[in-house]
1. Kindly indicate which of B:ALA89, B:ALA75 is part of a helix (DSSP H, G or I) and within 12 Å of another protein chain (Cβ to nearest Cβ).
2. Could you count how many residues in the stretch A:176-205 are without any contact (Cβ under 8 Å) to a residue 60 or more places away in the chain, part of a loop (DSSP other than H, G, I, E, B) and crowded, with 22+ Cβ neighbours inside 10 Å?
3. Looking only at the stretch B:43-72, filter to residues that are in a strand (DSSP E or B) and in contact with a strand residue (DSSP E or B) (Cβ under 9 Å, 6 or more places away or on another chain); which one of those is surrounded by the fewest Cβ atoms within 10 Å (Cβ to Cβ)?
4. Just to check your reading of the model, which residue among A:LEU125, A:LEU146, A:LEU129 is in contact (Cβ under 8 Å) with a residue 24 or more places away in the chain and assigned to a helix (DSSP H, G or I)?
5. Kindly indicate whether A:TYR56 is away from chain B (no Cβ under 13 Å), more than 19 Å from the chain's Cα centre (by Cα) and of a type in the set (Phe, Trp, Tyr).
6. Could you say which residue among A:ALA43, A:ALA74, A:ALA79 is touching a Phe, Trp or Tyr at 6+ places or on another chain (Cβ under 7 Å) and either more than 26 Å from B:ASP73 (Cβ to Cβ) or more than 14 Å from chain B (Cβ to nearest Cβ) (or both)?
7. Any idea which residue in the stretch B:1-33 is farthest from B:THR59 (Cα to Cα), counting only those that are among the charged types (D, E, K, R) and more than 14 Å from chain A (Cβ to nearest Cβ)?
8. Among the residues of the stretch B:12-52, count how many are touching a residue at least 24 places away in the same chain (Cβ under 8 Å), more than 21 Å from B:ASP205 (Cβ to Cβ) and not polar (S, T, N, Q).
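Any read-out appearing in this document is the output of simple, stated calculations on the displayed coordinates, not a laboratory observation. Remember, predicted model here, so these are calculated numbers, not experimental data. Don't worry about glycine lacking a Cβ; one is built from the backbone with ideal geometry, like all the others, and counts go over all protein chains shown.
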Amino acid sequence: MVRFWFRSYALLVRWTALRLRFVLPLVLIVQSFLAVGIVVGFAYLVPDLDPATALYLSTGAPTLGLITIGMVMAPQLIALSKTEGTFTYNRTLPVPRTAVLAADLTTWLVTGTPGLLLGLLTAVLRFDLHLRVSPVVVGAVLLVALTATTAGFALAYAAPPATTSLATQALVFVALMFSPINFPAERLPDWLQAAHRVLPFQYMAQAVRESLTSPPGGIAALPYAVLGAWCLAGLAITLRVMTRRP
Amino acid sequence: MRGTVLNINSLTKVYPDGSRANDGITLVVRAGQVTGLLGHNGAGKTTLLHQVVGLVRPTSGRIRLLGRDPVADPAYARTVCSFQPQSHAPLTGVTARQAIEIVGRIRGGGRRAVQSRTTELLAALDIEEWADAPAERLSGGVRRLIAFCMAIVTPGRLVMLDEPTNDVDPVRRRLLWERIRTLAAAGHAVVLVTHNVAEAERTIDQVVVLNHGRVVATGSPADLAAGHEMRLELARPGGISTPEWCRAVHRDGDRMTMTLAAADASRAVAWALAHTARFALHSAGLEDVYIRLTDSGEGDRGAVLVS
């Protein structure tokens with residue numbers, strides 16, 4: 001049973017990678033460009049960056065990169081696969097649903113890694129930052145990427161393709177401009193702060209930031225709990241839609 | 001009698017919008033047998049296949065697939081049943097060979113076996129020249145053939161094909177029908193949906209005609225055609241009186257079609273020869289039977305409306 005799962009998983013990763021091999025490099029370039037662009041571009045917008053703001057920008061950029069991959073690009077390609085019939089076709093293949101989901105997640109996580117590293121490198125060079133990277137960073141990045149991607153999947157699987165396309169555009173705008181990712185939450189109005197206590201964005205930013213800087217007060221556990229809950233909800237909705245029979 | 005692979009009993013599917021796609025369908029599919037599902041668009045053929053492979057949940061009735069219940073265990077259904085959907089297979093970014101091989105492996109085939117089988121199928125369907133070209137740019141017919149190969153490269157004990165001949169040219173359609181017979185000869189049960197009734201007649205063992213979600217006829221093509229009338233077609237301008245053996249006459253411009261009992265065939269030929277050199281006498285084929293079966297359904301509905 002376990003062997004069957006891994007065999008299916010490995011073949012599905014190959015199948016997905018083959019199908020997307022012309023699209024993924026493009027996604028990788030766009031996402032890297034975005035992560036680097038935020039660091040460089042926002043510094044033009046705010047000429048005199050204090051160290052605290054620079055830190056927010058530098059750690060926010062890779063977080064936004066992961067959000068873009070998981071919540072915008074992955075759902076858009078899934079919407080496309082629903083239109084093309086790939087989604088229904090895969091449902092007729094003798095493979096565990098969890099293996100299909102795991103293979104898709106793997107593809108997206110791997111695609112997101114180079115942009116993440118590049119964004120971070122740019123930030124360190126641009127702002128002359130001294131990061132104190134904690135080993136927790138691997139888990140933090142993985143959880144953030146996983147949460148973004150499962151939330152994106154849930155949206156793409158549950159909503160009609162056209163809705164997905166529009167919703168992801170709105171999402172990236174909200175994440176970029178109205179989420180405490182590149183700046184502290186205190187700058188937002190109260191109602192928006194309250195919304196972000198439930199939404200995953202600020203926790204994503206906090207988990208990545210703290211794991212890269214190892215603050216003296218230690219790394220907070222709350223972001224991990226909230227992201228874990230979002231992740232599980234995303235997985236549950238995705239699997240439910242994948243196995244639903246009208 | 002050979003082993004039963006699929007046994008469907010009183011299967012009914014009513015969609016949430018109230019449309020009754022399948023209405024009390026009962027049928028048996030055996031190993032080594034090719035079953036053709038015939039019916040108009042919307043007759044419920046695809047819904048029937050989707051219920052067997054676990055994409056759609058029946059409203060009531062029972063399906064037994066090799067003695068097990070595919071509704072309760074859709075994962076099992078997918079392992080024993082290989083399915084070619086009506087929609088195009090996902091071929092973006094891959095070549096025909098890659099698509100066929102990877103699906104063959106996913107369906108449980110070994111690497112070497114799948115490779116040689118893929119080469120064999122590409123040759124058998126005469127599509128080798130496109131084997132390594134980007135598949136998404138190929139014509140609809142070739143893509144349909146690739147999807148067919150994907151379904152049968154590592155065939156399950158039940159192979160279900162939803163309109164496999166669509167868009168395929170006549171020469172390659174023959175090659176495709178041959179492969180379907182080969183599958184059956186190897187012991188697989190094949191269920192296929194087609195609108196290509198005349199061609200299917202030569203390949204299928206069992207015909208199931210669906211009309212408005214119900215089975216209106218089941219049997220071998222020969223059984224269904226047996227006892228049916230013959231058709232005399234002739235082209236002749238002007239009016240001629242209808243001979244007494246003629247049961248029905250249909251005029252279409254200068255063409256005239258008469259139906260008659262098989263026993264009256266020689267009288268009809270003699271009569272036709274006396275009037276024209278251009279005529280044809282047909283025994284009822286599956287297509288005639290099919291049209292009559294499905295037309296009568298429409299006729300009944302019409303009669304209800306006017307009365």
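1. B:ALA75
2. 2
3. The residue in question is B:SER60.
4. Numbers: A:LEU125 fails: in contact (Cβ under 8 Å) with a residue 24 or more places away in the chain; A:LEU129 fails: assigned to a helix (DSSP H, G or I).
Within the list A:LEU125, A:LEU146, A:LEU129, the selection yields A:LEU146.
5. Details: away from chain B (no Cβ under 13 Å): yes; more than 19 Å from the chain's Cα centre (by Cα): no; of a type in the set (Phe, Trp, Tyr): yes.
It is false that A:TYR56 is away from chain B (no Cβ under 13 Å), more than 19 Å from the chain's Cα centre (by Cα) and of a type in the set (Phe, Trp, Tyr).
6. After ruling out the rest, the residue left standing is A:ALA74.
7. The initial filter retains those residues of the stretch B:1-33 that are among the charged types (D, E, K, R), namely B:2, B:13, B:17, B:20, B:23, B:30.
Then keep just the ones that are more than 14 Å from chain A (Cβ to nearest Cβ); that gives B:2, B:20, B:23, B:30.
Details: B:ARG2: 30, B:ARG20: 10, B:ASP23: 10, B:ARG30: 24 Å.
My answer is B:ARG2.
8. Here the count works out to 8.
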